[in-house]
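Novice: Let me give you the structure first, and then I'll get to my questions.
Bear in mind these aren't lab numbers, they're just calculated from the coordinates by the rules spelled out. Treat the numbers as computed from the prediction; the structure is a model and nothing was measured. As a convention, Cβ positions derive from the backbone with ideal geometry for all residues, glycine included, and neighbour counts pool all protein chains shown.
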Amino acid sequence: MSENKEHALHIVSPRIYVIIFALLLVGTAITIWASYVDLGVLNPIIALGIACSKATLVVLFFMHVKYATKLTKLTIFAGLFLFMALVGMTLSDYISRAWGSW
Amino acid sequence: MDHISPAIWQFLVKWMTNFALFPPEASTIAPQMDALLFFMVLVSLIGLTIVVLLITAFSILYSKRRHPVAAQIEGSTLLEATWTIIPLGLFLVMFVWGALIYFRVFTPPANAMNIYVVGKQWMWKAEHPGGQHEINALHVPAGRAVQLTMISQDVFHSFSIPAFRVKREAIPGRYTTVWFQATTPGTYHLFCTQYCGTAHSAMVGDIVVLTPEDYRKWLAESTSGASLAQNGERLFASLSCAACHNTRPDARGPSLANVYGAKLALTSGQSVTVDDAYLREAILNPSEHITQGYAPIMPTYQGQISEEGIIALIEYIKNLNSDYRIQQTTNTTDMLPESVGKAAPAGQKPAVQAPAAQGTVKQ
Amino acid sequence: MSDTIVSLPDQSTARIPKMNYLSKENGLLSWLLTGDHKRIGILYLISITFFFFIGGALAGLIRLELLTPQSDLMATDTYNKVFTMHGVVMIFLFLVPSVPATLGNFFLPMMIGAKDLALPKVNLLSWYLYMIGGILVLVTMITGGVDTGWTFTTPLSTHYVNTNVLSTGLAVFIAGFSSIFTGLNFIVTIHKMRAPGMTWFRLPLFVWAHYAASILMVLGTPVLAIAIVLLALERTIGIGVFDPAKGGDPLLFQHLFWFYSHPAVYIMILPGMGVISDVISTFSRKRVFGYTAVAFSSVAIAVFGFFVWAHHMFIMGVSNYAVLVFSLLTMLVAVPSAIKIFNWTFTLYKGSITFETPMLYAFGFMGLFTIGGLTGVFLGTSGTDIHLTETYFIVAHFHFVMVGGMLMAFLSGIHFWWPKMTGRMYPEKISQLAAVVTFIGFNFTFFPQFILGTLGMPRRYASYPAEFQILNVFSTAGATILGVGYLLPVLYLTWSLKYGAIAGDNPWQATGLEWQTQSPPLTENFVEMPIMDHEAYDYEWLERKNLEKQKEVASVG
Amino acid sequence: MSDNSAIADGVLENAHDEHPAHLRHHFHDVEQQADASNFAMWLFLLTEVMFFGGLFTAYLIYRNWYYPAFVSASHQLSIPLGGFNTLLLITSSFTMAMGVWCAETRRKSGLVLCLILTFILGLGFLGIKSIEYSEKIEKHHVPGFHYSLNSFLDPDSDAAAKAAGDKPLPLDVARHTELYFSLYFAMTGMHALHMIIGIGILGFMIFRASAGAYTGGHITFVENFGLYWHFVDIIWIFLFPLLYLISRH
């Protein structure tokens, strides 16, 4: 029984959880700080960059994806891909509308 | 035909005389569109025939009676590649050909005459530059490129002329354009093809194509007195646009003479070409479209001008070809009855601000 | 040699197995609380048929109204409500769940050798959600209907109509979740529940098609859900996201709506394609020509299907550049369908073909779907789309795909698997007649509409110029024939429940795992876990197996 | 790709020996069952991603179009409150992760404690969110009929706008702040709805966990709920910079 279970899931040690937790807090602090600094176009990029890396940490460690099967990883990748397609392809219409007709 | 009842007979005659498989071709784009359409019909017929023939032939040749034992075949890469690549190639030809026609339908020639169309539940209003208004009808000359600048007051409508093979949605909040050049005089259907509510199917009209002479005659007969630009001028005056957009050296707004078609540099750093869409935006959302060198003081006119009013203003601005014209408008502003009351307390100066401006600019 | 492959058991001794999923438990509650995918499939079949006939009756009203140019049978707003309800019922309550929720539910686990779907309770939940959605639609219909068109175009639906938009939206939202749960269940089941030896490339193509359709359901439907939520907020509070007066863009709604509703077309057609693959293979006694190509073309349709949605908006003011991109991608998604058609055709080559009812419906499907698919290219080509969109051409096109394609496939599948589901055969002669009547009626109804569309007759018109009448009369006349064609199966299939010949395990001598067990099957589907030791559609394996069985019987005897 | 079916017959035997109570009849073994429900949960989260995808699309379009209005409107949100909420949610994610660990290692009291902490942190998040909402309601920043542009036309009358040093917006720009608040309420509202559902399930889980339901080796439910809770956290990780931190300089 217990053998089965260990095969199915990799138990992440609390130490890693604490480290990730700390990283997330640091990330939050940096985003708030960065928003007060004028970096021009970099501002939204940094904000989203930090958000993405925080989300990645959560997905990889809190949600155990680092230790998950290829199928789970593929599933997540497919979802993200389609999410990007929805956002990207819709935005492409809006952005190219501003170019005028031809 | 005495054994058929006369009523049915008449019915049949009516049907058969009205029966058509293809709409008339009455514009320059129609034959081009039809060429592609025929090509596609041909390809489809060939494709369908191949499939049906194969199915029939196989059904006969390999029915259980004739062919009791099936031969197990895995597939054939060569065959599969064939029916992947050939359809793909044909579809790509259609794509390119179709895109070319799409370009043509939605790229008006520079010399096209412009007619404004406003769609609303449930009628089409056409506004000619000469001041002719039409409802559910559109008179156009044959042999001349006509551009329609369209907008909807409420929901999505779609301006469809099957005989011209053109169709474009009139959408709320934004101009769309389509153009055509009619070839054959006659009367053709105009449909609203985008479902727009209860009387959608009553939002139909006639497109009347006239010979150039008849068209001139029609224009002269149906004018309403003031041209669109004159209406615009009146509106320009009554909204006190000239208070800022005048020709004085200390004017607070840019001069609008010859602005149409010009390239403007905006405070946002963008540079834009002034067209109908830009003018409409600049009237309704001026703060996001401030010309470089001017303060963002223009108030929004959202909710104060109807779509027809905006069209009249645009037509007026289009026709402003000299500072002198603006000066004329400025002069008449003071004489208009509605501006007298407003101008009076301000003393010497003409009306400074449009009424809507007061809430915003003073703060 | 006989012309059919029916191998019925000796009728004097034959009987329906005593233990089966139908006889296991009795009473209404045993059905309403069941976790058995087969029973849920039957529940779906009954409810879907019910909604199909509601939608069909509405279609009948539409055709009657269009018999004459004037709007004389009903007022225009009534007509608008009728076609809106027809669309909503047929799309969300019939076409989307038709094959997946009935045949898919019933046979997908059996085909992969599983005892049930991975999440039986979720499966039952999805039926309940479907029913709640359906009942809400009925309530909407009774309390005044809705007249936005099934596309709910903003700002018409948010600010300009005062009919029951919200309850319809809620119904679609709920029915959408039913479809999400069905799709989710299928994907998990296909990944995790396959029997030993059932590798991906031994799956029947029916399963592949359902896998592709499920991906679309799971990933597309939530976007529709959020579009409906925003629409409801816009209508109730006026949040302005779709309101041009507040700076919103009404086209955004259509982007979100079609992001689901274009893939929804593939949700509807892909499972039908799965049925056709199985049926054609079985009745030509031959492995599907180019199995991998057909399997991958399903997946390709699912993937590309997501990137073509804006072709519904070519003339609505999307950017010209977007039109180019979406038109090109539309051409790419047309290719896999062409591949499938040719592969099915070549499956017949050197087969040993019989013409039972499912096969007739499949032939009908191939002809009509070819027309429907090719006319789709007319609409995907940006140039011709200008002339043909929003006319009866588009109506004819999607009815060829949905009714000529999907419904034919559904009927084909129902006849094909009827013996397995009920243990009894349907009457062959009358059902062949029904198939032919349906085919003729269908063409009569919808082919004239292509011409009408080319002539420019707009869709959703209650009245139309008089010169379009003759074609409309043809169409209405055809609809009457079509109606008869659809009523017949209901009658004789019900009849066959009691009087049909007993079918036996495998009357078609088909190779799928579902045919290797008793009919109707046990609640657990299989007595012992099946082990897949052959390729899909391996008729030689089946012959060997039958020979062995005969030998066994002989040696025992 | 996990080919479970292949492994299946190998484990079939020992699974049959024990036959744990929570093994549903249609699965071969516990592992297959856990795998399937885990995979199902991931698929469900994908639908959630697409659900929020529509909102993010709308947000990005309008932020692009009406950037100045979005900046001013975002100044109406309080970074201390939003930041504190982020802290709460991240902490709750951490406690949830620890909860799953406790369940994995069969520590009943630890699990109950973690779940209770998560529950409290979640409630705290909602509490602060409701403070923020009520402030918006007071200022008439809820889109719709009563929407008021005062804070943007006359920033001096508004503490938050004044503190951010906002200049008065012209009417046509200010009007578009309504779209910002529409998206703000739609996005945070949908997020809060997910939180409420999550907290409801948490309550149920605390009850079951104290009865020892999840520390007997069958932890799928806790695990799946953990995934859900982390997902809600991730949504907030994106909402926070997008809505609160557009531009503060």
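Novice: What is the helix-to-structure angle for B:228-238, meaning the angle in degrees between its Cα long axis and the longest Cα principal axis of chain B, kept from 0 to 90 and rounded to the nearest 10?
Specialist: 40
Novice: So, R0 is 22 Å and r is the distance between the beta-carbons of D:Ala159 and D:Lys136; what FRET efficiency does that work out to, to 0.05?
Specialist: Details: r = 14 Å, r/R0 = 0.63.
Efficiency for this residue pair is about 0.95.
Novice: Now for a different question. What's the magnitude of the charge dipole for segment C:184-303 around its Cα centre, counting Lys and Arg as +1 and Asp and Glu as -1 at the beta-carbon? Answer in Debye, nearest 20. Working shown, then result.
Specialist: Values: 8 positive and 4 negative charges, 137 e Å.
Here the size comes out at about 660 debye.
Novice: Next question. Set the Förster radius R0 to 25 Å, insert the Cβ-Cβ distance between C:Leu491 and C:Asp3 as r into 1/(1 + (r/R0)^6), and round the FRET efficiency to 0.05. Could the numbers behind the result be given before it?
Specialist: Numbers: r = 25 Å, r/R0 = 1.01.
It comes out at approximately 0.50.
Novice: Okay, moving on. Could you calculate the contour length gain from B:Ala7 to B:Lys263, that is, 0.36 nm times the residue separation minus the distance between their Cα atoms, to one decimal place in nm? Could the numbers behind the result be given before it?
Specialist: Details: separation 256, 0.36 × 256 = 92.16 nm, distance 6.68 nm.
Length difference between fully extended and current span is 85.5 nm.
Novice: Going 7 Å from the Cα of D:Lys167 in the Cα-to-Cβ direction, what parts of segment D:75-116 have a backbone nitrogen less than 20 Å from that spot?
Specialist: The answer is D:75-76, whose backbone nitrogens lie closer than 20 Å to the label point.
Novice: If you count, for each residue, the other Cβ atoms within 10 Å and average over each peptide, how do D:191-199, C:432-440 line up from highest to lowest?
Specialist: Numbers: D:191-199: 17.7, C:432-440: 20.3.
Ranking, from highest mean packing down: C:432-440, D:191-199.
Novice: Let me ask something additional. Chymotrypsin sites (Phe, Trp or Tyr not before Pro), restricted to segment D:89-166: which are DSSP loop and have at most 16 other Cβ atoms within 10 Å?
Specialist: Loop-located and lightly packed - D:Phe145.
Novice: Given Cβ point charges of +1 (Lys, Arg) and -1 (Asp, Glu) and nothing else, what value in debye, to the nearest 20, does the dipole of the protein assembly as shown about its Cα centre take?
Specialist: Numbers: 73 positive and 79 negative charges, 125 e Å.
With Lys and Arg at +1 and Asp and Glu at -1, about 600 debye.
Novice: Just grab the label-to-label distance for B:Leu79 and A:Ala29, each label 7 Å out from Cα along the Cβ direction, in nm (one decimal).
Specialist: According to this spin-label approximation, the distance is 7.0 nm.
Novice: Given 0.36 nm per residue, what is the gain on full extension from C:Lys429 to C:Thr143 after removing their alpha carbon distance, in nm? It would help to have the intermediate numbers written out before the result.
Specialist: Numbers: separation 286, 0.36 × 286 = 102.96 nm, distance 4.32 nm.
In short, 98.6 nm is gained.
Novice: Sort B:113-126, C:65-78, C:389-402 by the packing proxy (mean of other Cβ within 10 Å over each peptide's residues), most packed first. Don't skip to the answer; put the middle values down first.
Specialist: Working: B:113-126: 20.6, C:65-78: 16.7, C:389-402: 24.1.
With the highest mean Cβ count within 10 Å placed first, the list reads C:389-402, B:113-126, C:65-78.
Novice: Then there's this: Across peptide D:236-245, what mean number of C-beta atoms from other chains lies inside 10 Å of a residue's C-beta?
Specialist: Counting Cβ atoms of other protein chains within 10 Å of each residue's Cβ and averaging gives 6.
Novice: Something else now. Which value at 222 nm does chain C reach when only helices count, each DSSP H run of 4 or more adding -39,500 (n - 2.57), with the total divided by all residues and rounded to the nearest 500 deg cm²/dmol? Walk me through the numbers before you get to the answer.
Specialist: On the way: 17 runs with 346 residues, N = 557.
The helix contribution divided over chain C gives -21500 deg cm²/dmol.
Novice: Separate question: Pull up all non-local amide H partners of C:Arg424: gap of 5 or more, or a different chain, and H-to-H distance under 5 Å with H placed in the peptide plane.
Specialist: Those qualifying (amide H under 5 Å, at least 5 residues apart or on another chain) are C:Ala503.
Novice: So for the protein assembly as shown: antiparallel DSSP bridges make up what percent, rounded to the nearest 5?
Specialist: Working: 34 of 48 bridges.
Here the antiparallel bridges make up roughly 70 percent for the protein assembly as shown.
Novice: Related question: Placing +1 at every Lys and Arg Cβ and -1 at every Asp and Glu Cβ, with all other atoms neutral, what dipole size does segment C:28-556 have around its Cα centre, in debye to the nearest 20? Each step should come with its number before you reach the end.
Specialist: Details: 26 positive and 26 negative charges, 129 e Å.
Computed charge dipole of segment C:28-556: roughly 620 debye.
Novice: What angle do you read, to the nearest 10 degrees and between 0 and 90, between the alpha-carbon axis of helix C:37-65 and the longest principal axis of chain C?
Specialist: The two axes meet at around 40 degrees.
Novice: Sticking with this structure for a sec: What does the charge add up to near B:Trp124, with Lys and Arg as +1, Asp and Glu as -1, over the other residues with Cβ less than 12 Å from its Cβ?
Specialist: Numbers: positive: B:Lys120, B:Lys125; negative: B:Glu127, B:Glu134, B:Asp206.
Net local charge, B:Trp124 excluded: -1.
Novice: If you don't mind, another one. Once you have a ≥ b ≥ c as the square roots of the Cα gyration tensor eigenvalues for the protein assembly as shown, tell me rounded if a/c is under 1.5, and otherwise prolate or oblate according to whether a/b is larger than b/c. Walk me through the numbers on the way to the answer.
Specialist: Values: a/c = 2.39, a/b = 1.27, b/c = 1.88.
Oblate.
Novice: How would you rank B:Asp275, C:Asp147, going from fewest to most other Cβ atoms within 10 Å of each one's own Cβ? It would help to have the intermediate numbers written out before the result.
Specialist: Values: B:Asp275 16, C:Asp147 27.
Listing B:Asp275, C:Asp147 from fewest to most nearby Cβ atoms yields B:Asp275, C:Asp147.
Novice: OK, next. For a 21 Å ceiling on Cα separation, which of these pairs sit above it: C:Lys38/C:Lys420; B:Lys64/C:Lys498; B:Lys64/C:Lys350; B:Lys125/C:Lys81; A:Lys54/D:Lys136; A:Lys70/C:Lys192?
Specialist: Working: C:Lys38/C:Lys420 11 Å; B:Lys64/C:Lys498 31 Å; B:Lys64/C:Lys350 10 Å; B:Lys125/C:Lys81 27 Å; A:Lys54/D:Lys136 29 Å; A:Lys70/C:Lys192 13 Å.
With Cα atoms farther than 21 Å apart: B:Lys64/C:Lys498; B:Lys125/C:Lys81; A:Lys54/D:Lys136.
Novice: Please compute the average number of Cβ atoms from other chains found within 10 Å of each residue's Cβ in peptide D:87-93.
Specialist: For peptide D:87-93, the averaged partner shielding equals 4.
Novice: What distance in nm lies between label points placed 7 Å from Cα along the C-beta direction at B:Leu21 and D:Leu123?
Specialist: 7.7
Novice: Next question, about the same structure. Would you please classify the overall shape of chain A from the alpha carbon gyration tensor, given that a ≥ b ≥ c denote the square roots of the eigenvalues, rounded means a/c under 1.5, and beyond that prolate means a/b larger than b/c while oblate covers the rest?
Specialist: Working: a/c = 6.69, a/b = 1.53, b/c = 4.38.
Oblate, because a/c is 1.5 or more while a/b does not exceed b/c.
Novice: In whole angstrom, how far apart do the alpha carbon centroids of segment C:259-338 and segment B:64-80 sit?
Specialist: For segment C:259-338 versus segment B:64-80, the Cα centre distance is 26 Å.
Novice: Would you mind putting B:55-61, B:22-28, B:35-41, C:8-14 in packing order, based on average other-beta-carbon counts within 10 Å, highest first?
Specialist: Numbers: B:55-61: 15.3, B:22-28: 18.6, B:35-41: 17.0, C:8-14: 10.1.
Answer by packing, highest mean first, reads B:22-28, B:35-41, B:55-61, C:8-14.
Novice: Next question, about the same structure. For D:Gly99, what is the net charge nearby, where nearby means another residue's Cβ is under 13 Å from its Cβ and Lys, Arg count +1, Asp, Glu -1?
Specialist: Numbers: positive: D:Arg106, D:Arg107, D:Lys108, D:Arg208; negative: D:Glu104, D:Glu223.
Counting the neighbours of D:Gly99, the net charge comes to +2.
Novice: Considering every residue in A:43-54, what mean count of other chain Cβ atoms within 10 Å of its Cβ is obtained? Walk me through the numbers before you get to the answer.
Specialist: Working: counts 6, 6, 0, 2, 8, 3, 1, 3, 9, 3, 1, 8.
Counting Cβ atoms of other protein chains within 10 Å of each residue's Cβ and averaging gives 4.
Novice: Could you grab the relative contact order for chain D? Cα pairs under 8 Å, six or more apart, rounded to a whole percent.
Specialist: Working: 241 pairs, mean separation 73.0, N = 249.
Contact order relative to length: 29 percent.
Novice: A further question on this structure: What list of ³J(HN,Hα) couplings, whole Hz, do you get for segment B:298-308 from phi and the Karplus terms 6.51, -1.76, 1.60, once you set θ to phi - 60° and write x for glycine and proline?
Specialist: Per residue, the Karplus-derived 3J(HN,Hα) values read 5, x, 7, 10, 4, x, 10, 10, 6, 4, 5 Hz.
Novice: Subtract the Cα-Cα distance of B:Leu48 and B:Ala251 from 0.36 nm times their separation in residues, and report this length gain in nm to one decimal. If you can, show how the numbers build up before the last one.
Specialist: Numbers: separation 203, 0.36 × 203 = 73.08 nm, distance 6.99 nm.
Value of the extension gain: 66.1 nm.
Novice: On to the next question. Nearest 10 degrees, 0 to 90: what angle lies between the long axis of helix C:205-236 and the longest principal axis of chain C (Cα atoms)?
Specialist: So the inclination is approximately 30 degrees.
Novice: Then there's this: Taking R0 as 60 Å, what FRET efficiency do you get between A:Ala98 and C:Gln550 from their Cβ-Cβ distance, rounded to the nearest 0.05? Walk me through the numbers before you get to the answer.
Specialist: Working: r = 75 Å, r/R0 = 1.25.
Plugging the Cβ-Cβ distance into 1/(1 + (r/R0)^6) gives 0.20.
Novice: In terms of Cα to Cα distance under 19 Å, which lysines are near enough to B:Lys263, apart from those fewer than 8 places away along the same chain?
Specialist: B:Lys318
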